[in-house]
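The values are calculated or read from the model by the stated rules, or taken from the named source; none is laboratory data. Owing to the predicted nature of the structure, the values given are computational and were not obtained by experimental measurement. Because the Cβ atoms are built from the backbone with ideal geometry, glycine has one as well, and the counts that use them run over all protein chains shown.
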Amino acid sequence: MVRPVGILALQGNFSQHAAMLLHLGYAPIMVRYPKDLEACRALIIPGGESTTMSKQIDRNGLRAPIKDFGKKNPIMGTCAGMILLSNSKNGKNMDPLNIMDFTVDRNAWGRQVYSFTDTLKLHFDKRKQFKGTFIRAPKINQIGKQIKVLAEYNGEPVMLKNSKHLVCSFHPEIGKDTRIHQFFLKNLHD
């Protein structure tokens, strides 16, 4: 039996990730405090507002527990979650967790009014393209040696993986295509 998967539920699109997990047969745990991580075998940090999430992570005492959790367990970050997992420079009121070796520019795919959905290539499943939804999405500008590119849009990387963690510039929880969540959750069975 697979232990429940946590979703950081401080702000952002955690409810659609929860629906995706339920659809795939996993029990989501809404993570708001360090004790919530104890029952989790993996964690998803959703899209939302990275500055607000960073402040709430600190306010709820989650910074060190998430970093410790990430040393042994897989974490998936989407959009704002990608920003938080990066090792980008600290911004005003935004302090990344420095869990993965890559940097991003926030909102680089455009402001809210320029949000879009388009197809992208998944390197781990070339049978059909994935519809990615980009909402104030970060753009990757540097990638460390241990990082693998798993998807591109117009020749630019939009999905990365290291040994156990996964990040997306876009929102894979929007829509009915479960392949990215399944790929991430496969880490729990390997």
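Tabulated data
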| read-out | value |
| --- | --- |
| Checklist (1) surrounded by 21 or more Cβ atoms within 10 Å (Cβ to Cβ); (2) farther than 18 Å from Thr103 by Cα; (3) modelled with pLDDT under 90 applied to Lys186, failing item | (1) |
| Qualifying residues in region 162-183 (those that are among the charged types (D, E, K, R) and surrounded by fewer than 23 Cβ atoms within 10 Å (Cβ to Cβ)) - the one nearest to the chain's Cα centre (by Cα) | Lys164 |
| Flag if Ala64 is out of contact with any His (no Cβ under 7 Å at 6 or more places or on another chain) and either acidic (Asp, Glu) or surrounded by 23 or more Cβ atoms within 10 Å (Cβ to Cβ) (or both) | no |
| Residues of region 12-46 that turn out to be surrounded by 13 or more Cβ atoms within 10 Å (Cβ to Cβ), small (Gly, Ala, Ser) and assigned to a loop (DSSP other than H, G, I, E, B), as a count | 2 |
| Filtered residues of region 163-176 (kept if at pLDDT 95 or above and farther than 20 Å from Glu49 by Cα) | His165 |
| Test set (1) under 16 Å from the mean Cα position of the chain (by Cα); (2) on the phi > 0 side of the Ramachandran plot - Pro28 fails condition number | (2) |
